[in-house]
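Let me begin by presenting the structure, written as structure tokens, before commenting on it.
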Amino acid sequence: MKVETVQLYENRPDVTLTAYVIEESAELQNEKPRPAIMICPGGAYAFCSDREAEPIALRFAAMGYQAFVLRYSVFHKGRMVNPLKELEPDPDSLYPNAMCDIGAAMLCIRKKASEWRVDPDAVVLCGFSAGAHNCAMFCTHWNSKVLQERFHRPEKEFRPAGAILGYGFYDWVDFRKQKVDNKFLRAMNEAIDFSYFGVRHPSEEQLAKCSPARCVTDKTPPMFLWTTGSDRTVPPEQSLMMGVALAKAHIPYELHSFETGDHGLANADESTACSREQVNAEVAQWMQMAQRWLRRNVPIDLPEKPPMGFDLSLLHFD
């Protein structure tokens, strides 16, 4: 495997795209480009979680997909700060920068498609928590004026082939209307709002504009959604709302809500767990479910039979 990190903007070392490229051999599908998965880790728009980055990419690479991890724009370039302290807005983390970073990454993949052996028209987005929100925003705005004005490229160059989204928030208006008794969660919610909008209490109009469940159209790509019923950070209703919005627009989707599991489980096994509480065998099934969804919606193009010289069935041993 070839691993390469590209800085997407000359003056932004914090916004990067890391490629996990399968190095072909004569025993693999040597000539055809592969579909790709671009991963946006979560982190409350304050940082990009390592647990939802490389370990996820390696799983998709093991399925045969080229994998990419996008470190997108977050508050203070990901440096941890006290959410209760009075801070100045960070212009780099404000809407629509994080969403536009996905656009920059799509253009980068398209530019290096031959080198990375990627089909640039078969890039699936994968996000978790805030990263899922970012991916959903891009899926509902890939053909919007926002990206056109930023990059001046044809809209077809941005279209994602689909999205795999875990425990994200998709209706910001409803999310903020829900009562939160935990003081830390209230502070974290204000910090997310401040990171993304530059104010601690954005207007309902601002929240609605950045609620992908309210922005689904017939141009939105298919989605695979998953969440857990006992998520105490992002209510599972958020994924249900996104599913309803997709259903109303007649967009193909698959939705799984596992009975138990905390927020931020990532792979939900030892590869991403920092404690036993983050190992959940039931939730860990989401990756196999996503693989089946990918095989139906964005399959890897394989020949019916192996190339001449590599059909092991022809070997006979006495």
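The values are calculated or read from the model by the stated rules, or taken from the named source; none is laboratory data. None of the values given here were measured: they were computed from a predicted structure. Neighbour counts run over all protein chains shown; Cβ positions are idealised from the backbone, glycine included. The area values use the complete protein model at the heavy-atom level, side chains included, leaving out ligands, DNA and RNA. Shrake-Rupley method; radii C 1.70, N 1.55, O 1.52, S 1.80 Å.
Considering 284, 268, the condition of being out of contact with any strand residue (DSSP E or B) (no Cβ under 8 Å at 6 or more places or on another chain), at pLDDT 95 or above and closer than 19 Å to residue 168 by Cα is satisfied by 284 alone. If the condition is being acidic (Asp, Glu), farther than 22 Å from residue 178 by Cβ and surrounded by fewer than 18 Cβ atoms within 10 Å (Cβ to Cβ), then the stretch 227-279 contributes 269, 270, 277.
For the stretch 171-192, filtering for residues that are within 25 Å of residue 79 (Cβ to Cβ) and either modelled with pLDDT under 95 or open to solvent by 70 Å² or more (accessible area, probe 1.4 Å) (or both) leaves 11. Of the residues in the stretch 3-32, how many are open to solvent by 80 Å² or more (accessible area, probe 1.4 Å) and under 25 Å from residue 55 (Cα atoms)? Residues in the stretch 3-32 being open to solvent by 80 Å² or more (accessible area, probe 1.4 Å) and under 25 Å from residue 55 (Cα atoms): 5 in total.
When only residues in the stretch 49-85 that are open to solvent by 60 Å² or more (accessible area, probe 1.4 Å) and part of a helix (DSSP H, G or I) count, which is modelled with the lowest pLDDT? Per the criteria, the residue is 77.
Residue-by-condition table, conditions (1) farther than 18 Å from residue 245 by Cα; (2) among the hydrophobic types (A, V, I, L, M, F, W, C); (3) within 13 Å of the chain's Cα centre (by Cα):
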residue: 99; (1), (2), (3): yes, yes, yes
residue: 128; (1), (2), (3): yes, yes, yes
residue: 134; (1), (2), (3): no, no, yes
residue: 141; (1), (2), (3): no, no, no
residue: 144; (1), (2), (3): yes, no, no
residue: 156; (1), (2), (3): yes, no, no
residue: 176; (1), (2), (3): yes, no, no
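Tell me the residue from 36, 98 that is of a type in the set (Gly, Ala, Ser), assigned to a helix (DSSP H, G or I) and open to solvent by less than 20 Å² (accessible area, probe 1.4 Å), please. Only one candidate qualifies: 98.
Give the residue, chosen from 104, 113, that is under 24 Å from residue 217 (Cα atoms), out of contact with any His (no Cβ under 7 Å at 6 or more places or on another chain) and of a type in the set (Gly, Ala, Ser).
104
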